[in-house]
Amino acid sequence: MLTFVLWVLGSLVLAAVVFLVANVMERREGQDDEAPGLGRFWRDFRSGLRSRRTPPPAPVETGMDEFFAATVEDAPGYVDPEELTDALHRARLQARSSWHVGTVRKPE
């Protein structure tokens with residue numbers, strides 16, 4: 001039982017250290033001139049706990065058509081068919097033109 005309690009306390013301390021390091025390494029440009037550190041971490045931690053006490057905002061009801069219309073992007077898609085076609089064409093040409101030279105030995 002004591003071993004279990006020590007492991008739990010150790011993992012909680014390790015999680016707190018990870019949060020502290022992440023807070024110190026975070027770059028907040030243009031928000032405030034306060035230096036990162038333990039004091040800032042503690043203030044941010046307390047403000048996060050305080051924000052949980054406030055009621056969440058009311059949900060917004062929207063239809064699927066309105067949702068997809070609002071999230072349309074004009075940028076090219078993640079998978080570009082022309083780019084895939086060019087890559088496959090280059091791979092086919094490379095496979096046809098490469099010579100796999102090696103010594104083939106007869107198993108003894």
Label-point separation, Thr62 to Arg43 (7 Å along Cα→Cβ), nm: 3.4 nm
Computed FRET value (nearest 0.05) for Glu73 with Leu2, which takes r as the C-beta separation and R₀ as 41 Å: 0.15
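Does region 41-92 classify as rounded, prolate or oblate by the C-alpha gyration tensor (a ≥ b ≥ c root eigenvalues; a/c under 1.5 gives rounded; else a/b over b/c gives prolate, otherwise oblate)?
It comes out oblate by the Cα gyration axes.
Just so you know, all these numbers are worked out from the coordinates, no wet-lab data involved. Not measured: the values here are computed from a predicted model. FYI the Cβ positions are ideal-geometry reconstructions off the backbone, even for glycines, and counts take in every protein chain you see.
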